[in-house]
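Reviewing the structure listed below.
We did not get these values from a lab; they are worked out from the coordinates using the rules stated. As the structure is a prediction and not an experimental result, all values here were calculated from the model. We place every Cβ from the backbone using ideal geometry, glycine too, and count neighbours over all the protein chains shown.
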Amino acid sequence: MLRRFFTRCAARPSVVASAVLAVAALVALAVLAGGRHTSAAGPQDPRTDDRQGAVSPVPDVLSPVLRPPRGLEVEATGPSSVRLSWQEATATGRGAVAGYRVFQDGTSTAVVAVGPQVLTAEVGSLEPGISYGFTVRAIDADGLYSAASEEVELTMPARPTASDGPQGTPAHTDCPARAPGGRG
């Protein structure tokens, strides 16, 4: 059908150009719509994946109204967990922040999702002695993300060993302490 259209209209370049522009406009609209899928049940929420309950990857189109969170900080809160904190993201125009997503080591799928009033997050299941990088993005009601915050890195503390006692002596937590010079 398209072949017949272009064959008949090849003599009129303006018609061909108009058709090409119309197709390009439809493609651009599909991209700007963020690739949202619909089903018989209606539009799907682009922020969650019903199959896994996980937060979806960052879309190709960024929110035009959200600026990224600033002041991202990270601190170890245990041998395998960290707490991240940041300053509130700003929105321009009539936009509003609908929540925040935390990303680890440059992945495109968030590891933690929090609401719009929450400016901290806990990330667990980290390995001792390994370095991790984190970023945070704001998300709007349409499921579009801001640009990423600056990345912060943290190397998790190494696990203590039995020889980490004072002055290199073995740490024996099951033995009672002896008084200096005394018998025990």
Quiz prompt | region 88-132: relative contact order in percent, alpha carbon pairs under 8 Å with at least 6 residues between | solution = 29
Quiz prompt | Total formal charge among the other residues, if their Cβ is under 13 angstrom from that of LEU66, Lys/Arg +1 and Asp/Glu -1 | solution = +2
Practice problem: Taking the Cβ of ARG94 as the centre, find all other residues whose Cβ is under 14 Å away and add up their charges (Lys, Arg: +1; Asp, Glu: -1). | Solution: -2
Quiz prompt | Principal axes of region 55-118: Cα extent on each, largest first, Å | solution = 42, 23, 17
Quiz item: Where Lys and Arg each count +1 and Asp and Glu each count -1, what net charge lies around SER146 among other residues with Cβ under 10 Å from its Cβ?
Solution: +2
